Every structure is written in structure tokens, then in C-alpha cells.
Amino acid sequence: MSHEFSTSSLLDLARRFPPDFVWGVATSAFQIEGAAQEDGKGESIWDRFCRQPGAIADGSNGDVACDHVHRLEEDLDLIAALGVSAYRFSVSWPRVQPLGSGAWNPKGLAFYDRLVDGLIQRGIKPTMTLNHWDLPQALQDQGGWANRDTVAHFVEYALGMHRWLGNRVAAITTHNEPWVIAVLGHEQGIFAPGLKSRATAMQVTHHLLLSHGLALQALRAEGCRADLGIVLNLSHTYPATDTPEDRAQAVLDDGCLLRWYVDPLLRGSYPEDIWAHLGADVPQVQAGDMAAIATPLDFLGINNYSRHMASADKSFDVKKSGLPLTEMGWEIYPQGLSDLLLRLHKDYVLPPTFITENGGAFADEMRQGEIHDVDRQRYIAEHIAAVAAALQQGVPMAGYMVWSLLDNFEWASGYAKRFGIVHVDYSSQKRTPKLSAHWYRAFLSQWRALQT
Ligand code: IFM
């Protein structure tokens, strides 16, 4: 495959980013690690959920995944070869603390030691997420995130990871995508732990946000020098038509998807209209909770994949909009990312903001040992340009990370949906960088050349 990309177009894009901009690539523990029952790891809610008949589209699980635990050095070399400055990974809580409280697992901790040291040796900043969904099952057995006790367990876990890794990590993210954990996991029941109650989901949201704020306070009190933040999945909401009904729906959807999370974190209160909308399903909030949730952030991470279309018409089908779709059925609309960032900048005082995930699932075809994923390459380039547009209009953008380094376990979709810029052959575990990986490396090398 020819990996020659137009230098002038790479340079045009690269020139739009400042020298301290952070470029990265992201993964999460459950989606890549495997080694699910090895070296003292405890069971997570996703290990359990995958065993539920029908829960995962292809009947798969995370037992082996990308076998990353056994292929750490090879994967670290792959990351380094891209030329990124940061790698975003998550810690499997039950690997390091099998029951979610009490005893720690030295072998599990040793794995993250090797991971972090391996990154530092290669000149890559480790950015660590504490909770990318794989809660220890033992905590779920006591009510999980719906139980306020889990908040204290999470703070202990955060402190334990900080003491273990010291100040070797550049950034610590408390939670990845609280909306997904709360709503998909506890209201819609399509993600672990598979519950179906809106009231539970809203209590879970509150406990996630509270544990985030309390963890930040505890980490800072311990002298943590890493930047501290949280990652939200956010999309810009557009009314499907200009009717008053669709416009009202857009305000409601935006409230449930974005303001319900961003307002408490950046303004210290839940939005009143959504609180009223939830009726009896509002969470129990104790004195001091909101101030803790609004503990100042060093950074905000945003995971963005598409726009959100709001329609009062229940039969509205976003897939018929005419826009190209990824394999997930998500519309490709890069302007949605710049619209989102500009709106956040207008309505809130943003801390330094990172795109912590962006990418697409496409039907990659291996031809003569190579994958020409032009759709993904274009998707990434256009979204990077959208970040540049926001940056130029004053949004405090600090970094961008591709989701994902590797094809991996895409939760309820199993292994059929591939997001990687590096292909994984699950029968041999062979890794093959796709065209998109070669493009990203070429782009980063042009950007770096500009800095010298
Ligand atoms: O794979 C997920 C990731 O774990 C969280 N954000 C969205 C990605 C794609 O669905």
C-alpha cells in the first residue's frame, strides 16, 4: 500500500494546532485486556453481563479480547510508532482490587506498573481512566453505583491507584461517560449491569458525579500532581424540523444528555427543567453533594462520534437523514463537533478541553494483507479539522485522541464492529496498522516538524 499522503494538506491541517497540543490514542481495559480470570483478577459486571444469554450480539465476551495483557510490549511499540504524545487507557478495578474494597492484587497492580513505565520509556504520557465501566461484581452485589457506599469505595480505589503509580501518570480521569453507565446500564438495560429503572439510573448518575468530585478532593489532598478530570459523551443536539414540538424536544434531549452532566460539574446544580421533568425519579442529594461535584476540573474530556437529532415524532428515523453512516448507524457530521464545542464555550466556562474519543466503526476489508480504510481516515481528518475550527474561535482545546488504537470488544455489539486504526485478527491476534494509522502517523510527523 502506498502511504504517501499529500504533504501540503497534512501541513495545512497541522499548522492549525499549537505546539503544546496533546495528540493521543485511546483504549479501555475491558475492551482489550483479556486475561479475565488470571493472576487474581476479580469478576467485573461486564464479565457477568456477557454471560447473560442475548446480551452481546455475537455471544462473545472479554475473556481474551485483544490479549493485551500478554502482548503489552508489542502494543506499546505500536502506540510509539504512531508518534502520539499521550495514551489514554483505563484500569480494570477488579484486576487491582478484586472485590472493589479491601485487599489489593499485587499482580494486577504490577501490570499497570509495566504499562505506565513502558509508556514513559517511550516518551508517551500515560493518561489513566479509573472507571471505564467494569465495576467489580462484588460491589454490584451490594447495589453497585445505586448504593451510596460505592462512592467511598471509589475514592479509596482512586487513592490506592495514585499511591501505587505515584505521579507517573500525567492525567487521571475519574469516570468515562457517566450517561452510558447510568442510562444504558440502569435504565435501558442494554449494558451492564442490565437494570431497567429510570429512578435507579438517576441515582447512579448522582453517585458517579459525587464520587468524581470527592475523588478529586482526596487526590489533591494527597498531593497528586496529575491533571484531574472527567470524560463525558456529548453530542450537539439539533431539532429535526423547525416545528415548536421538535424545538421543545431538542431542549429536553439536550437537557437529559448534556446539561444534566455539564451543569452540576461546571455550575454546581442540576438543570431545573430536567429536575422537574424527572418527577419522582430525581436522585437523593445530600447537603454538600453539589459543591463536591463542582470541584474545579483541571480538564474536561469529551467523547464525540456524531450529532443528535431531536424529534417529537416517535417514528423519526435518523438513519434516513441522507448523511453517510458508520457501521454503528451513527451519522457522520463533523460540523456537529465544532458546533458542540462552540456552544459549550458560549454557555459555560470550560477548563482545558480534550476530545478524548473520536473515530468510527467501518466495514474494513483486508486485501492482500492491507486495510485501506479511507472512510475512517477521512472521518478522523474531518473531525480534527472541526477541532481546529473550534480552537480558532477561542475554545480552549488542549488535545485530541483517536478511538481506538485497536479493533476491540465493542460492548453489546461484540467484536463485529471495528473501531481500530490497527486491525486485530482475533484468531491469531496479529496486529496490522490500517491506512488510517499510517495517515495519523504522517499527520503527526508533519505537526512535529513544525515545532522544531
Ligand atoms: O467503545 C466505546 C467506548 O468504550 C466508549 N465510547 C464510545 C466507544 C464506541 O462506542
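Please treat every number below as a calculation from the coordinates, not as lab data. No experiment lies behind these values; they were computed from the predicted model shown. A quick note on method: Cβ atoms are made from the backbone with ideal geometry, for glycine too, and the neighbour counts reach across all protein chains shown.
Here are a few things to note about the model shown:
- Theoretical gain in end-to-end length, L11 to A81 [0.36 nm per residue, Cα-Cα removed]: 23.2 nm
- At an R0 of 41 angstrom, the distance between the Cβ atoms of M366 and D113 translates into a FRET efficiency of 0.70.
- Close amide H contacts of I371 (hydrogens built in the peptide plane, cut-off under 5 Å, sequence separation of 5 or more or a different chain): L435.
- The order of R114, R431, R367, going from fewest to most other C-beta atoms within 10 Å of their C-beta, is R367, R114, R431.
- Once C-alpha pairs closer than 8 Å and six or more residues apart are averaged by separation and normalised to the residue number of the stretch 293-452, the relative contact order reads 22 percent.
- Using θ = phi - 60° and Karplus 6.51 cos²θ - 1.76 cosθ + 1.60, couplings along the stretch 150-165 (whole Hz; Gly, Pro as x): 4, 4, 5, 4, 5, 4, 4, 4, 4, 5, x, 5, 5, 5, 6, 8
- Using a Förster distance of 35 Å, the FRET efficiency for A218-E382 (Cβ separation, nearest 0.05): 0.30
- Taking amide H as placed 1.01 Å from N in the peptide plane, the amide H of A398 sits under 5 Å from that of T353, F354, I355, each at least 5 places away or on another chain.
- Calculated FRET efficiency for the pair A248/Y348, C-beta based, R₀ 25 Å, to 0.05: 0.65
- Cα gyration tensor category, rounded, prolate or oblate, for the stretch 163-318 with a/c compared to 1.5: prolate
- For the stretch 174-236, a simple Cβ point-charge model (Lys and Arg +1, Asp and Glu -1, everything else neutral) yields a dipole of about 100 debye relative to the Cα centre.
- J(HN,Hα) series, the stretch 5-14, from Karplus relation 6.51 cos²θ - 1.76 cosθ + 1.60, nearest Hz, glycine and proline x: 10, 5, 4, 5, 6, 5, 5, 4, 6, 4
- Mean Cα-pair separation over length for the chain, i.e. relative contact order, pairs under 8 Å, 6 or more apart, %: 19
- In order through the stretch 119-126: 3J(HN,Hα) via Karplus (6.51 cos²θ - 1.76 cosθ + 1.60), integer Hz, x for Gly, Pro: 5, 4, 4, 8, x, 10, 7, x
- Proxy reagent accessibility, fewest Cβ within 10 Å first, across H175, H153, H277: H277, H153, H175
- Non-local Lys pairs in the stretch 304-452, i.e. 8 or more apart or on different chains, that have alpha carbons under 22 Å apart: 4
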